[in-house]
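Peer 1: The structure that follows is given in the form of structure tokens.
The values are calculated or read from the model by the stated rules, or taken from the named source; none is laboratory data. The structure presented is a predicted model; accordingly, all values stated were derived computationally and were not measured. Neighbour counts run over all protein chains shown; Cβ positions are idealised from the backbone, glycine included. We work out accessible area using only protein heavy atoms, side chains counted, and drop any ligands, DNA or RNA first. Shrake-Rupley method; radii C 1.70, N 1.55, O 1.52, S 1.80 Å.
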Amino acid sequence: MKACISNPLVQAMLRILLMSLCLIANNSMAQAGDEPLSITVGSKNFNENYLLAEVISQLFEHAGYEVDRKFGMTGTLIIYEALRTKEVDVYVEYTGTLGQVILNYDGEPSLENLNAQLTGEGVEILPSFGFNNTYALAIKREYAEELGITTVSELVTQADIEMGFSIEFLNRADGWPGLVSAYGFSQQPTGMDHGLAYQAIDDGNIDVTDAYSTDGDIDRYDLQLLEDDLGFFPRYFGAPLINAELPVDARNIIDRLTGRIDDARMRDLNGRVMLDGKSFAEVAGEFLAEEGLVALSDNTSATATSMWSRLWHNTLIHVQLTLIALFLGCAVGLPLGVVIYRSRRLSRSMLYIAGLLQTVPSIALLALMIPLFGIGQTPAIIALFMYSLLPILRSTITALLTIDPVLKRVAEALGMTRTQQLVHVLLPLALPNVLTGVKTAAIISIGTATLAAFIGAGGLGEPIVTGLALNDTSLILQGAIPAAGLAILTELLFDVLERSLVKPHMLVGQLPT
Amino acid sequence: MSIPCIEYSDITKSYGDKTILDGLSLRITANITTAIVGASGSGKSTLMQIANGLIIPERGQVSVFGSSITTENITDKRLAIGYSVQGAGLFPHMSVYENITLIARLQRWTEKDTEVRFHTLMQLLELDLELRDRYPFSLSGGQQQRVSLCRAMMLNPPLLLLDEPFSALDPVTRDSIHREFLKLQHAETRSMVLVTHDMFEAIKLAQEIIVMCDGRIEQQGSVAEIQNNPASDYVQALFQAGGQ
């Protein structure tokens, strides 16, 4: 044992562990304290929301703030919870979504109505950017002019028009079924993939499809959106949803964006990302420059350098998440295994429980953590800890159980106390197998930690999640390659650790030389 | 009869439905070597492991040097009882030196005392001092068994329990280790109990012999008594089996 601690490698590992624990402590202190010039911006995981979050982030950066970007959270409830628990200071929400999904509000809520309901939550919605991202019916502009129609009501009378809608639109209450009862359509639409619908309308296979009113594709295919003259579609105004305690200075910065982005402007900005292949940072920079809010040159250089620093930052967070979870896994799994391995019943039931935890899909386990621990690193670490428990516990129990019974008998017969038997015979003999279990847990943690980005824990999953949402392979690789590198590094580190702690002839699966 | 080193009274032990020992009582004489001989399954190994508390009988009492074994005194008792098993049972992660001296170091012997005792034992069992830092996997079967004997005798215990220690060795190695064993008897006086299925080994190494059959004591007596007056066909058969 003494030999273990004096080993330089072990010392180095301990030091890394301590350092990451300190880092976490610093992080949480920074969050707890009133750091005036830092802000956390969140986003949902689709294009428009990323882009707006990036606009807000750059605006804050320009004002001298340090911005923590927690982008790409999956699901309205997750990001809303993050805002409520003050892990995020601001994100862009849509009035319709806020009313229906979060507040269960029927009908069309005003800003005052929304805020009246939000006060108890410590959350506040600011005035809209101006655009309304809702469902709309799109028709080829030439064809609309030819028919002379501009509203949905006028479309009802066009008997031989071909309609193709996305499957979701065909089934949503605020989609086709509602539209039929509101306007009295009698035409039979066909269902198709949303992505294919624009191409189909361009090729003349269909005449009308459903669209989001701020889709970049609308301008690209030269489509016209028909006016919802009966006001059927609920309105989804994009507006900043903020932590109600945000100081006036910060509110004023966000407020500079109020009313600056109408539907057409939003379509244009979305199109620059989706169709021209520009990055969010680029488009956000362009927009701010065009609006005279920020000088353009500032931003391009900032994004170029930030790629590497973000990569480093993400990797550091990732290592931190994994190490802490692994440390907890060892701190619980190893002693637990030692205590319960003699009891067949206890070992069985603990392994059963740990195994059960393992079968919960990672993303579900992470989601289950949210009501209990909120979002961010804490729930992620707890989830990773639960995953690491099984391999560590199982390897510890198995390693102790499979020790040659003759050796256990001899250790006892020599007159060693329980503790002496454990320290001098059982644990050293179990060590190679236990190390293998810890290694497995470490590698599982590194993999699973990429999913932690879904609940805003950051790490290498962040570029992966973003990349997946935006179909951006290079972003995915920015997360996937370092994650794979970390896994390989871990494998190598454990090899070194094994070699320094375990005599060569005791190594699992190796012949004595 | 002199004071016994081990005294069993009314010992019963069973595994599941199978009763191994049924109300057995027995005194083993101190300061000599006693061999317990019997076929496998006769209960001889169980009997031995009851003496150092590795096996707890359902009924009955066992006392070692006049005091009975309890859960409180078991660790101290074991320090006074050396133990060596078939296949040596050396700890694979410890060197020869570490294996032999482990228990002395745990008892906080001085380095000097430990070193002296180690040297004495290595010499007694004719082990080359160069083996000191070798690991068990690199030793021959005979060397491992010798190291195991050294380990059992490290604290110079008054009682040594040997559970078939020589059974797995080839005849030539066994012969030479037998010679060292006899030398050991002369060098250090102690009570030794040797469990073996080999009657000839018993005759060669022990002064008294206990023959066991199906958990009963078939015959107990000096080597001469057993040799000259086998009490039953079973005892007789052990001579023939051993001779083959």
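Peer 1: For the stretch B:61-83, which positions are of a type in the set (Val, Ile, Thr) and closer than 13 Å to residue B:157 by Cβ?
Peer 2: B:64, B:81 - these are the residues of the stretch B:61-83 that are of a type in the set (Val, Ile, Thr) and closer than 13 Å to residue B:157 by Cβ.
Peer 1: Would you pick out the residues in the stretch B:64-112 that are assigned to a helix (DSSP H, G or I), away from chain A (no Cβ under 12 Å) and more than 25 Å from residue B:142 (Cα to Cα)?
Peer 2: If the condition is that a residue be assigned to a helix (DSSP H, G or I), away from chain A (no Cβ under 12 Å) and more than 25 Å from residue B:142 (Cα to Cα), then B:111, B:112 are the ones that fit.
Peer 1: Let me ask another. Cβ-Cβ distance below 7 Å, separation of 6 or more or different chains: which pairs start in the stretch A:401-430 with a residue that is within 10 Å of chain B (Cβ to nearest Cβ) and end on one that is hydrophobic (A, V, I, L, M, F, W, C) and open to solvent by 40 Å² or more (accessible area, probe 1.4 Å)?
Peer 2: Partner pairs satisfying both residue conditions: A:423/A:1.
Peer 1: Among the residues of the stretch B:145-176, write down those that are away from chain A (no Cβ under 14 Å), β-branched (Val, Ile, Thr) and touching a helix residue (DSSP H, G or I) at 6+ places or on another chain (Cβ under 6 Å).
Peer 2: Start the filter on the stretch B:145-176 by keeping residues that are away from chain A (no Cβ under 14 Å), which leaves B:146, B:166, B:169-176.
Restricting the remaining residues to those that are β-branched (Val, Ile, Thr) gives B:172-173.
B:173, the sole residue that qualifies.
Peer 1: Does residue B:139 qualify as being within 13 Å of another protein chain (Cβ to nearest Cβ), among the hydrophobic types (A, V, I, L, M, F, W, C) and crowded, with 21+ Cβ neighbours inside 10 Å?
Peer 2: No, not satisfied.
Peer 1: May I pose another question? So which of B:155, B:169 ends up being at pLDDT below 85 and in a loop (DSSP other than H, G, I, E, B)?
Peer 2: The conditions single out B:169.
Peer 1: Can you name every residue in the stretch A:345-367 that is outside any helix (DSSP H, G or I) and either exposed (fewer than 12 other Cβ atoms within 10 Å of the Cβ) or of a type in the set (D, E, K, R) (or both)?
Peer 2: Scanning the stretch A:345-367 gives a single hit, A:361.
Peer 1: Identify, please: which residue in the stretch A:188-201 is modelled with pLDDT under 85 and not small (Gly, Ala, Ser) and is, among those, farthest from residue A:51 (Cα to Cα)?
Peer 2: A:192
Peer 1: For the structure I just gave you, tell me whether residue A:211 is in the same structural domain as residue A:152 (by TED's automatic domain parsing), under 27 Å from the mean Cα position of the chain (by Cα) and buried (at least 21 other Cβ atoms within 10 Å of the Cβ).
Peer 2: For residue A:211, the condition - in the same structural domain as residue A:152 (by TED's automatic domain parsing), under 27 Å from the mean Cα position of the chain (by Cα) and buried (at least 21 other Cβ atoms within 10 Å of the Cβ) - is met.
Peer 1: For the stretch A:395-425, enumerate the residues that are under 21 Å from residue A:351 (Cβ atoms) and in contact with a helix residue (DSSP H, G or I) (Cβ under 6 Å, 6 or more places away or on another chain).
Peer 2: Pass one, the stretch A:395-425, residues under 21 Å from residue A:351 (Cβ atoms): A:395-403, A:405, A:408, A:422.
The answer is A:395, A:396, A:397, A:399, A:400, A:403.
Peer 1: Name the residues in the stretch A:287-306 that are at pLDDT 55 or above, surrounded by 14 or more Cβ atoms within 10 Å (Cβ to Cβ) and of a type in the set (A, V, I, L, M), would you?
Peer 2: A:288, A:289, A:293, A:294
Peer 1: Still on this structure, I have one more. Tally the residues that are in contact (Cβ under 8 Å) with a residue 40 or more places away in the chain, crowded, with 20+ Cβ neighbours inside 10 Å and within 15 Å of residue A:417 (Cα to Cα), restricting the search to the stretch B:77-103.
Peer 2: 3
Peer 1: Which count do you get for residues in the stretch B:113-134 that are away from chain A (no Cβ under 14 Å), open to solvent by 60 Å² or more (accessible area, probe 1.4 Å) and assigned to a helix (DSSP H, G or I)?
Peer 2: Qualifying residue count for the region: 7.
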